[in-house]
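To start, the structure under review is shown below, and the notes come after it.
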Amino acid sequence: MKPIISLQNVGVRYKRQGNVFRPANYFDALKSINLDIYPGETLGILGRNGAGKSTLLRVISGIIQPDKGKFLNRGASVSLLVLQAGFDPNLNGRDNAILSGMLQGYSRQEVEAQLNEILDYSELGEFFFEPVRTYSTGMLSRLGFSITTITSPDVLLVDEVLSVGDKHFKEKAERTMIAKIQSQQTVVLVSHSHQQIARLCDRAVLIDEGVSFATGDPHEMLSLYEQRLEMSA
Amino acid sequence: MNPHTEDIELSRVGLPPEEKAFQWPWQAMKEHNWSEAASRWAVVRQAYPEKAGTWLQGAVAHIEAGELAQADVLLTYARKHFRSHPSTFPESARLAMQQHKWDTAHDFLQQARQQFPNFAQTWMRSAEYAEHEGNLKQTTAYNEKARQCDPALSAPFIQYAEMAMRAEQWSEALDRWEEVRSRFPEVPAGYFRAAEAARHLKRPQEARQLILMHQYGADIFPNTPQTPISQLKGKKHATLPPLVELIWTKATFNLRSEVHRNYLSYGWWVLEPLLHMVVYYVVFGLLLQRAGENYPAFLLTGLIPWMWFMKAVSGSSNSILGGQKLILQVGLPSIVFPLVSLLQATLKQLPVFVLLVGFVWVQGYSPGLHWWALIPVLLVQTLLIIAIACTVAAIIPFVRDLSYLVPTGLTFLMFVSGTFYDYRMISAEWQGVFLLNPVAFLLKCYREIFLDGMLPDLLPLAWWGFGSAMICLLLLVGYNRLRYIYPRILMG
């Protein structure tokens, strides 16, 4: 099977903006990443804070281009799962749903056709037509998650499996996410929860200091990761 | 009655009903806490020695705990006093098998099959024996009988699946575990053991799903290929029409949001320019006495187009920085942000423009054919606004300090554009230079149409339109070239 996305020796270097008192300097967020993503798989990305996971997701989603190495996407649509993308507190739930859906790449007509499903899923009732600034945190995240349920790119990037809303909605969202991750869709999953990576992923890749140093069975990668954490501790 | 039995009878006063008493050891059995269960059965047995269950279940607990000697004692007693209990011989056979006394087990099982052919345990133990003998056909036949005896009992079905596991017939096992799941969805083995079989078949995804099914219920993965609530595939802002739609929606929604924030809502769209006009009228008309005839009309024809320009440019200057989150999260092209801001400013100016036309008309400047020239003038101003606003917006992320210069620059531009004075008031040799400023030129055009009742100078207008259009095209190319650069700058 051919990978749909390949990264070969990918590096990304940021410029830290300078000013009159401090010159600009550079920072290598990714040094050498080798990674293949195969259709239909769930790939876990393991790494501590600052290992370069977010930068890597940005490269995979095509938002930035690497400074060195090769990044190859064989025609897959990729998107990051974003909760409450572009929410405006003064607009009601319905308008925010339309806007958020359109920001994720759908036409207005497509999103409007899904509004009833979004409303049903969110269980917001009449609140759907109230400005979201009047929402509780739980309601806000319910609306945010409900909008993401309509999205279905070829490759879905998930940064932390979401835990949203009250207990009941949390379970429902978790079920939806897990069903989505385990479906034929290709998913790249970043999570701090080791258990989650082990439970959900086919393969895992370990990243530390911008280098992907091991890829393989999630259980093996997890024990390797823990060894590495201990070593540096 | 000898005194000893009497004592026992007396000691029974106040005993709980047997079902209640038995719950206590059963609880430990359910928790698979076998030695605890065995001791609880021993306690209960003191109170109910005449109940076969206290002996037989006690024996089961001991067997599970690996305490075979104790189990033997209990079962020997059971065989003496509870020969007619269906569990006596199957459990005895089980113990015998554990002790590797195969002949004894054989005898017990024969007895059980004669006495209790309708009891599932009989056949399950018989199947176990046959499996040890290596008689697979017999094993399957006995197990089938067990399954038929009591289809509500999970153990025979589990035994059936485990048989396949031991034979390393993994796909067969997977099918049998599926049957276990469909009949007894609460039995964990149906998921975990099946996952093991799937792993042997090198189907890790299936194994993972089975374990998740145990946690979330079997219906989490529909049998039909997974259908998300929608099959929509994000087009990721690749083509122009959806982008135009997005820009329009975002601009109108922003306006809606802005309006909801204020008490006077849409009223401000008209009130704000009027207040500006009052300020200039007081300063220049009343205090400085610079006003000529019909100063309000003169002021408005300059002020309203100027405010359109000013609001569009200042509104969009920081828009790319403001869109940082969306650029980094959903990969929205940066050009969307200045365009949204300037469309928003433009839509806000529309009602004021209509009012301006009405006001001028009421003041006695009647419309004529020359008013058609408003169309090219408005068009050129639109192009000019796009060109300037998008250029400013494109530069500011690179040199953020420039955003401090934008308000100053705009104020300077307002003073050199003749917003509140007539360009003819400056000395003649400077007028040509003055009109090289496109904003000054446009304001002159508006005033010529509205107040002087004449056609504006169309040739320079066309040049300004052409120049602005060229810049717009260059901007399109430039923004496209910079599409991977902006996210970088916004991250740094």
If we scan the range B:221-241, do we find a residue that is at pLDDT 80 or above, within 30 Å of B:G322 (Cα to Cα) and open to solvent by 40 Å² or more (accessible area, probe 1.4 Å)?
-> yes
May I ask you to list the residues in the range A:105-153 that are within 25 Å of A:V188 (Cα to Cα) and in contact with a strand residue (DSSP E or B) (Cβ under 6 Å, 6 or more places away or on another chain)?
-> A:P153
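Anything in the range A:187-225 that is more than 13 Å from chain B (Cβ to nearest Cβ) and among the small types (G, A, S)? List them, or say none. Spell out how you get there, then give the answer.
Taking the range A:187-225 first, the residues more than 13 Å from chain B (Cβ to nearest Cβ) are A:188, A:190-194, A:205-215, A:221-225.
Passing the criteria: A:S191, A:S193, A:G210, A:S212, A:A214, A:S223.
With the structure loaded, tell me whether B:L332 is open to solvent by less than 10 Å² (accessible area, probe 1.4 Å), modelled with pLDDT under 90 and assigned by TED's automatic domain parsing to the domain that holds B:P460 or whether it fails that test. It would help to see each step written out before you state the result.
Values: open to solvent by less than 10 Å² (accessible area, probe 1.4 Å): yes; modelled with pLDDT under 90: yes; assigned by TED's automatic domain parsing to the domain that holds B:P460: yes.
Considered against the rule, which asks whether it is open to solvent by less than 10 Å² (accessible area, probe 1.4 Å), modelled with pLDDT under 90 and assigned by TED's automatic domain parsing to the domain that holds B:P460, B:L332 comes out as yes.
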Per the filter on the range B:178-198, residues in contact with an Asp or Glu (Cβ under 9 Å, 6 or more places away or on another chain) and not aliphatic (A, V, I, L, M) are B:G190, B:R193
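Please find, among B:S171, B:S182, the residue that is more than 21 Å from A:R203 (Cα to Cα), open to solvent by 70 Å² or more (accessible area, probe 1.4 Å), assigned to a helix (DSSP H, G or I) and out of contact with any Ser or Thr (no Cβ under 9 Å at 6 or more places or on another chain). Let's see the steps before the verdict.
Details: B:S171 fails: open to solvent by 70 Å² or more (accessible area, probe 1.4 Å).
Answer to the selection: B:S182.
Where residues in the range A:137-164 are aliphatic (A, V, I, L, M) and in a loop (DSSP other than H, G, I, E, B), which of them is farthest from A:F87 (Cα to Cα)? Walk me through it before giving the result.
Step one: of the range A:137-164, the residues aliphatic (A, V, I, L, M) are A:139-140, A:143, A:147, A:150, A:155-158, A:161-162, A:164.
Remaining after also requiring in a loop (DSSP other than H, G, I, E, B): A:150, A:161-162, A:164.
Details: A:I150: 17, A:V161: 20, A:L162: 18, A:V164: 16 Å.
Ranking the candidates gives A:V161 first.
Please find, within the range A:12-22, the residue that is farthest from the other protein chains (Cβ to nearest Cβ) out of those that are part of a loop (DSSP other than H, G, I, E, B) and open to solvent by less than 100 Å² (accessible area, probe 1.4 Å).
Looking only at the range A:12-22, we keep the residues that are part of a loop (DSSP other than H, G, I, E, B), and these are A:17-18, A:20-21.
Filter again for open to solvent by less than 100 Å² (accessible area, probe 1.4 Å), leaving A:17-18.
On the way: A:Q17: 5, A:G18: 10 Å.
Across the range A:12-22, the extreme among qualifying residues is A:G18.
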Quick one: is A:V12 β-branched (V, I, T) and within 30 Å of B:R261 (Cα to Cα)?
-> no
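Looking at B:A389, is it out of contact with any strand residue (DSSP E or B) (no Cβ under 7 Å at 6 or more places or on another chain), in the same structural domain as B:L474 (by TED's automatic domain parsing) and more than 30 Å from B:V279 (Cα to Cα)? Spell out how you get there, then give the answer.
Values: out of contact with any strand residue (DSSP E or B) (no Cβ under 7 Å at 6 or more places or on another chain): yes; in the same structural domain as B:L474 (by TED's automatic domain parsing): yes; more than 30 Å from B:V279 (Cα to Cα): no.
So B:A389 does not fit the description; no.
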Please name all residue pairs, on different chains or six or more residues apart, with Cβ atoms under 8 Å, provided the first residue is in the range B:44-57 and is within 12 Å of B:R12 (Cα to Cα) and of a type in the set (F, W, Y) and the second residue is open to solvent by 40 Å² or more (accessible area, probe 1.4 Å) and modelled with pLDDT under 90.
-> B:Y48/B:E18
Filtering the range B:290-338 down to residues that are away from chain A (no Cβ under 14 Å) and in a loop (DSSP other than H, G, I, E, B), which residue is nearest to the chain's Cα centre (by Cα)?
-> B:I335
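Taking the stated definitions as given, is B:L435 more than 28 Å from B:W268 (Cα to Cα) and surrounded by 14 or more Cβ atoms within 10 Å (Cβ to Cβ)?
On the way: more than 28 Å from B:W268 (Cα to Cα): yes; surrounded by 14 or more Cβ atoms within 10 Å (Cβ to Cβ): yes.
The answer is yes for B:L435.
Could you check the range A:162-177 and list, in sequence order, the residues that are under 26 Å from A:G62 (Cβ atoms) and buried (at least 21 other Cβ atoms within 10 Å of the Cβ)?
Scanning the range A:162-177 gives a single hit, A:M177.
With respect to A:T215, determine if the residue is open to solvent by 20 Å² or more (accessible area, probe 1.4 Å), within 30 Å of A:I5 (Cβ to Cβ) and assigned to a strand (DSSP E or B).
On the way: open to solvent by 20 Å² or more (accessible area, probe 1.4 Å): yes; within 30 Å of A:I5 (Cβ to Cβ): yes; assigned to a strand (DSSP E or B): yes.
The answer is yes for A:T215.
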Top-ranked residue of the range A:100-136 - restricted to ones that are among the polar types (S, T, N, Q), part of a helix (DSSP H, G or I) and within 22 Å of the chain's Cα centre (by Cα), ranked as farthest from the other protein chains (Cβ to nearest Cβ) | A:S122
Test result for A:E123, open to solvent by 20 Å² or more (accessible area, probe 1.4 Å) and without any contact (Cβ under 8 Å) to a residue 40 or more places away in the chain | no
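Only strands (runs of 3 or more DSSP E) wholly contained in the range A:32-95 count here; list those with 1 or more residues that are aromatic (F, W, Y).
A:68-73
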Among all residue pairs at least 6 apart or on different chains, which show Cβ distances below 6 Å where the first residue, located in the range B:240-257, is facing chain A (nearest Cβ under 7 Å) and the second is open to solvent by 40 Å² or more (accessible area, probe 1.4 Å)?
-> B:E245/A:R108; B:T249/A:R108
Output the residues belonging to the range B:243-267 that are assigned to a helix (DSSP H, G or I), surrounded by fewer than 17 Cβ atoms within 10 Å (Cβ to Cβ) and of a type in the set (F, W, Y).
-> B:W248
State yes or no: is B:E31 of a type outside the set (F, W, Y), open to solvent by 90 Å² or more (accessible area, probe 1.4 Å) and over 21 Å from B:Q98 (Cα atoms)?
-> yes
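Assess whether A:Q195 counts as being surrounded by fewer than 22 Cβ atoms within 10 Å (Cβ to Cβ) and in contact (Cβ under 8 Å) with a residue 12 or more places away in the chain.
On the way: surrounded by fewer than 22 Cβ atoms within 10 Å (Cβ to Cβ): yes; in contact (Cβ under 8 Å) with a residue 12 or more places away in the chain: no.
Here the answer is no, as A:Q195 does not meet what is asked.
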Flagged in the range A:64-80 as within 14 Å of A:P153 (Cα to Cα), open to solvent by 30 Å² or more (accessible area, probe 1.4 Å) and within 9 Å of chain B (Cβ to nearest Cβ), in numbering order, are A:L80
Whichever residue in the range B:122-162 is among the polar types (S, T, N, Q) and over 16 Å from B:H106 (Cβ atoms) and, among such residues, is most open to solvent (accessible area, probe 1.4 Å) = B:Q148
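The values are calculated or read from the model by the stated rules, or taken from the named source; none is laboratory data. Please read all numbers here as calculations on a predicted model, not as lab measurements. In this analysis, Cβ positions are derived from the backbone assuming ideal geometry, glycine residues included, and neighbour counts consider all displayed protein chains. For the accessible areas, the whole protein counts, side chains as well, though only heavy atoms, and no ligand, DNA or RNA atoms are used. Shrake-Rupley method; radii C 1.70, N 1.55, O 1.52, S 1.80 Å.
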